[in-house]
Protein chains: 2
Amino acid sequence: MLDLFFRPDPQRDAPVYQQLAEHLIELIDAGRLRPGERLPASRELAAALGLSRNTVSRALDTLVSAGLLGAHVGRGTFVQPRVRKLRDAAEGRPALDPSPARSFAWPTLISARIRALRLPADPVRGLAADTLRFDFRPGRIDATALPISDLQGAWQRALGRLPEHGNEVEPFGHPPLRVAVARALGARGIACSPEQVLVTGGAQQAFDLIARALIEPGDAVAVEQPGWFGAALAFRAAGADLIGVGVDDDGLHVEDLMRLARVRRVKLVYATPAVQMPTGVALSEARREALLALADREQIPIIEDDFDAELRLAAPARPALKTLDHGDHVLYVGTFSKVLFPGLRIGYLVAARSLLARLVALRFASSMQPPLVEQMAVVELLASGRLERHVRRMRRRLAERLQALRETLAAEFPEAAVREPAGGSCAWVELPPDCDATGLAADAAAHGIAYAPGDSFRFDGEGPPALLLSFAALAPDAIREGLAELAALARGRLRRAPRRRSG
Amino acid sequence: MLDLFFRPDPQRDAPVYQQLAEHLIELIDAGRLRPGERLPASRELAAALGLSRNTVSRALDTLVSAGLLGAHVGRGTFVQPRVRKLRDAAEGRPALDPSPARSFAWPTLISARIRALRLPADPVRGLAADTLRFDFRPGRIDATALPISDLQGAWQRALGRLPEHGNEVEPFGHPPLRVAVARALGARGIACSPEQVLVTGGAQQAFDLIARALIEPGDAVAVEQPGWFGAALAFRAAGADLIGVGVDDDGLHVEDLMRLARVRRVKLVYATPAVQMPTGVALSEARREALLALADREQIPIIEDDFDAELRLAAPARPALKTLDHGDHVLYVGTFSKVLFPGLRIGYLVAARSLLARLVALRFASSMQPPLVEQMAVVELLASGRLERHVRRMRRRLAERLQALRETLAAEFPEAAVREPAGGSCAWVELPPDCDATGLAADAAAHGIAYAPGDSFRFDGEGPPALLLSFAALAPDAIREGLAELAALARGRLRRAPRRRSG
C-alpha cells in the first residue's frame, strides 16, 4: 500500500474531497506518485484513509478531469505523464497547463483548439488567411454559394416588421420561429409543441444552458470519444468531469456506457446519433434502444445533437433518437448555422416543459433573448421555401465533393481509410498507423493546407493517426488538387513503426 | 446566548458552513429562531460553536442571500419574516420560494420579474397586449420611430459581404466592430485598443461572462439598491451573494460600500455611474474617486454599466468612470440595444487583456461568437453616421417626452417627487409615503397602464413606494393622457399612514 497519509483539516472550508485531491497533487509534484503508477481502487483507498468512498471517488475524478490521472473503465486509475503536450507543443507553443483541479486549465485548451481549428489567422500553424491555400477545416462553408439575394429579401422583410415587433422580448425565442421549428420537427417524426421549443444562440448555447441547469461541479458527463470538443467545453465550463466512451462502426459504444453507469452516477450523456462527430458513423438501431433503456432505467438525460439535421431534410437517414423517446429523456438540439453560415447564431432545443422553465431562466440571466431580426429572417426563409431550395442545392454539391475526396484519396493515398459519412460535410480519414500525424500537420501548415487533426477530438491523449477533412468549402477541382498535395506529404511522413522489444 | 448546538458531520462532503446554514434553517423552520430576532455577532457565534469566524460568516451570508436573514451594515443580522411575499403574491400568485441556499429560488424570482416587467402578454397583471393602453415599462422603445430604411440598407450591405466573410468565426467579435467601438470610446476619453474590446450578446452577456470568470459560489457581489435586477440575475446565476448598497442623490453610497469591504471580502462591484438604474442619479465626483481608490486598495473589479452611453453621444454628462481608471479595475460595459431595439443583441465589454483571455474562453464555450450579420450591420450604421443621426433624433424626442411627463405629474399629482434623470429614458417617481403602491399597481393593470413598480429593483424587501416610468415609447400626448389617469388612480390610493405608538 502506498504511503498516502492524509488527514482533512477541519478548520478549512474546502470540502474533504478537495483537500484529498490537493494532497494527491502534492504527492505527484514531489514525485512520490510517479507517471504510469496505478492507484489503489477507491474502495481500498477509502478504507486506508478512513474516508467515505464517495469522497475518495470525487477526489480521484477531480484529478482525472484535470488531466493528472488517467482513468480507464475496468483498468484502474493511473498517474499521467506530468506534462501532457498538446500536439502543437513541438512547435514551440506552451504545453497544456497541468495545474490542479480548480484551475482554469480548460481555457488554455480551448484557445489552443480555437487556434488549431477555426481562426482564419492562425499563429500556431502559421496559417494566416493569405497563406491558406486549401481549407479542409470542419465548420467551413462555401460562402460563395450562399443565396445572398434570398437572404437579403428575408432580412429586408424582417426589418420591415420592426415597427410592430421592435419591442419584442421573448426569452424562449420569437414565437413564430418556435411554431415553425415544431412543425418542421413534426414532419421528421418528432412530436413536440411550440411550447417545448427554446430558440438558442446556436447549438453551443443549448449545450451551455443544459450544462448549467443539470451539472454541478464534479458530476460525470459521458461524451463520445473521439467527439465534438465544442459541446465538451460547455460541460467543462460547468465543472463536469468528462468521461470519454468509445465509438465504433455502430456509433457510441453503449455497452461501455452501461458498464460506466454501473460504477459511477452519470448525470448526462452527449451523443450525435445521426452522424457521429467526427467519425460520421450512425448509431445502430440496437444501440439506440439500449441507450434509451439505460436512460430510462437510470434516469439519465441524453443530449441528441442533430447538428446537420437540416442538411438531411429531404433524405432523412434514420429517424432521430428523439422519435423513440417515450420517457422524455432526450434533449434534442438542432441549428440553422450549418445550412447557412457559422455566424448565424440560431439553434434550438426541445425539452420537457419542467426543464425548459429552468433553461429559460438561465437564458434570461445570461443573454436575455436570441437576436430578434435573425429569428424573423429564418422564419421568412422557412416559410418561403428558400431555405429548403438552398439545402437541396447544398446536398447535391456536397455529394459531388465527397465523391472527389473519395476518388482522390483512393488514387493518391490508398493506405488511408475513409469512412463513409452518414451525412454532413466532413470525412474522417484514418491514416496508416506508421504515419507521423504531427509531422504531417507541420508539413501541411507549411504548404497552406488546413484540416483538423484527429487528436483535436480526443479527450484523453493521442489515438491512432487520423484527420477530419471538410469537403464543404472547396470546389471538386480544388479538393482534388489539395488532397493530392496532402497525400504526397503524408507519404513522406510514413515511417517504420518502432518494433516492440519483447520481455 | 441562543441554544444553537451544532456539530459538523465529518462524513458529509458538504462544507461546514453549508452544514451550519442548514442547521440554522432547521432552527428557523422549527420556530426556535423567530422572525425579527437578532442573531449574535459572527465573532460570538464562532466562539460559542468552536468554528472559524469565516465559516460562520459564510453560513450567515448564505442565509442572507437566500432571503432568510436580513443583514444591515452596522446593525446586525435578523431573521426575516418567514415567507416574504412578492408584490404580486396578493394577486394569488405563488410567493417567493424561501428554500435554502443551494436551491434555485432565483428562477422563480426571474420569471416573476419577467412577467412583471417585460413580456407583452402578462398573466400576472392581466395585461395582454391588446388590453395594454399606456406602456411606461422600462426597456421599451418607440418602435414606430426606428429608421427602418437605414436599417435595411445596413443589413443589405452586411449580407452582401457574406461571400467574403461567411466563414468568419471570431469569438472576440467582428474585428471591424471592435475597431469601431474602440474609436467611439476613444472619442469619449476611454483609451482602449481594439484588442481590449469583446463584443457581447448585449450587456447581459457581458455581466454573465464576468460573473462566470470572477465569481465562485458564496462570493460577495455589491450591487446598487435599488438597482438593475438584470445584472443581479447574472451574478446570482454564478452563485454570488448579492449585497445591496444604498443610493442617494450622489449615486451609489460608496461610504457604505467601504464599510462593507472592511467586514467582508467584496469580489465585484456593479454600478451604473452615469445614470443610476433605476433612480437616474449620477455618481458624484468625490464618490467616483473614493470608489476607484477602494478598488485599488482592495483590488476589487468594478463593472461600469454605461447602458445608455450611446444616447448621450452628443452630450456626455460626466466622463465615464473608466476614464479615471488608472489601475485597470473598471470593466466597462456598453450596448447598442438601447438606441436601436431590445432584440438587437450587440453589446461590448472593455477589460484588461489578461481577463479578456478568460472571458473569451467562456464566450466560446457558451455561445461561440456573436451574430455576424448584426455586427456587420452595426459597423455600417456607425460608419455611415446613420446611427448618430438616429440618436440625435431620439434625444430630441426623449427631451420632449420627459418634459411632458414632468409637467403632467406636477399638475396632476404634485405629491409625487420626480427625480431629474441624468440621461436615459426613464424617470424614478417617488410616491408619497402614504400611497398604497400595491393597490395602485392593481388599479393601473385594470386600466391597461403598465410601469415597473419600485420594488422590482430592490433585493431585500419593500422600500418607500416608487415607480419607474419610461417615457421612450409613448408620444407626448399619450404620456399626458396616461399619466393623468395614473395620477387619478394614485390619488385614490392615498391613505393615512398608520401612526406609530410610542413606547
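Read-outs throughout are calculated quantities, based only on the coordinates presented, and are distinct from any laboratory measurement. In this text the structure is predicted, and so the values were computed from the model without any measurement. Glycine also receives a Cβ, built like all others from the backbone with ideal geometry; neighbour counts cover every protein chain displayed.
Overview of results
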| read-out | value |
| --- | --- |
| Cα gyration tensor shape for segment B:354-503, rounded if a/c is under 1.5, else prolate or oblate | oblate |
| Per-residue mean of C-beta atoms belonging to partner chains within 10 Å, peptide A:444-451 | 0 |
| Exposure proxy ranking, count of Cβ atoms within 10 Å, fewest first, for A:367, A:354 | A:354, A:367 |
| FRET E, pair residue A:298, residue B:477, Förster distance 45 Å, beta-carbon r, rounded to 0.05 | 0.10 |
| Virtual spin-label span in nm between residue B:383 and residue A:326, 7 Å along Cα→Cβ | 5.9 nm |
| ³J(HN,Hα), Karplus 6.51/-1.76/1.60, whole Hz, each residue of segment A:54-59, x for Gly, Pro | 4, 4, 5, 4, 5, 4 |
| Segment B:148-387 shape via C-alpha gyration tensor axes, a/c threshold 1.5 | prolate |
| Three-way shape call for segment B:16-79 based on the alpha-carbon gyration tensor, with the a/c threshold at 1.5 | rounded |
| Residues B:304, A:168, B:407, sorted so that the one with the fewest Cβ neighbours within 10 Å comes first | B:407, A:168, B:304 |
| Separation of the residue B:9 and residue A:250 label points, Cα + 7 Å toward Cβ, nm | 4.3 nm |
| Segment A:173-273: GluC sites (Glu not before Pro) falling in loop per DSSP and having at most 12 other Cβ within 10 Å | none |
| For B:272, A:62, order by how many other beta-carbon atoms lie within 10 Å, fewest first | A:62, B:272 |
| Length added when fully stretched, residue B:491-residue B:179, from 0.36 nm per residue minus Cα-Cα | 107.1 nm |
